[in-house]
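Please read the structure below before turning to the comments.
The values are calculated or read from the model by the stated rules, or taken from the named source; none is laboratory data. Predicted model only: the values in this text are computed from it and were never measured. Here Cβ is always computed from backbone atoms with ideal geometry, including for glycine, and neighbour counts include all displayed protein chains. Just the protein is used for accessible areas: all its heavy atoms, side chains included, with ligands, DNA and RNA removed. Shrake-Rupley method; radii C 1.70, N 1.55, O 1.52, S 1.80 Å.
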Amino acid sequence: MMAGAAEDVRVLFGAAVRAALEAWPALQIAVENGFGGVHSQEKAEWLGGAVEDYFIANADLELEEIEDFLGELMTTEFDTVVEDGSLPQVSQQLQTMFHHFQKGDGAALQEMTSQINQKKCKVTATPLTTAKETDVAEDDVDSVEEMEVKEVTATNDGAITDEVCPQPQPSDPDTQTIKEEDIVEDGWTIVRRKK
């Protein structure tokens, strides 16, 4: 492969890696909520280059090694443990991209990047509050606390595609209410099965 063509494929590989990471909901949530501190966005951009360099420096990576590397970066840089099952998927996607890079298949890298960008969802965390059902007097209102729950919502980022990002279904109002008798003295909440 000629030097110019190899450099072009390297650029395509870097763009594909960045597209895959930008589409990764776990990373999107970490950046949006500042889990990496005030420089979360810069860390996310750096992450793309770090992953690209990791592949270039290690030609025969196993899937588990990629997962470990990404998991370690998320823990170290964003104080986030990824437990949503997406780590193996993203790792497999990156490994496939690297195989295309090694073969010099720039067209496949462009196709993968295009598919990722079309299917990319914008993930946001929106706060929900659940109020306790209580019979408290007006002067005891200060003692009633509200719990804040984060709901993750996926919305289409406007890309033209036939697929629509999954939207969360509204939950039963009874599941969002904590009754006073369910809170015991030491602050624990009793969780009951849905009937």
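When D8, D68 are checked against the criterion of being in a helix (DSSP H, G or I) and touching a residue at least 24 places away in the same chain (Cβ under 8 Å), D8 stands alone in meeting it. Answer yes if at least one residue in the stretch 73-88 is under 15 Å from the mean Cα position of the chain (by Cα), loosely packed, with under 13 Cβ neighbours inside 10 Å and part of a helix (DSSP H, G or I), and no otherwise. Yes, the stretch 73-88 contains a residue that is under 15 Å from the mean Cα position of the chain (by Cα), loosely packed, with under 13 Cβ neighbours inside 10 Å and part of a helix (DSSP H, G or I). Close Cβ contacts (under 6 Å, 6 or more residues apart or on different chains) running from residues in the stretch 40-57 that are at negative phi to residues that are assigned to a helix (DSSP H, G or I) and open to solvent by 50 Å² or more (accessible area, probe 1.4 Å) comprise G48/R18.
If I go through the stretch 13-29 residue by residue, how many of them are open to solvent by 20 Å² or more (accessible area, probe 1.4 Å), free of Cβ contacts under 8 Å to residues at least 60 places away in the same chain and among the aliphatic types (A, V, I, L, M)?
So in the stretch 13-29, the residues open to solvent by 20 Å² or more (accessible area, probe 1.4 Å) come out as 15, 18, 22-23, 25, 28-29.
Subsequent filtering for residues that are free of Cβ contacts under 8 Å to residues at least 60 places away in the same chain retains 18.
The next check asks that each one be among the aliphatic types (A, V, I, L, M); those that pass are none.
Here the count works out to 0.
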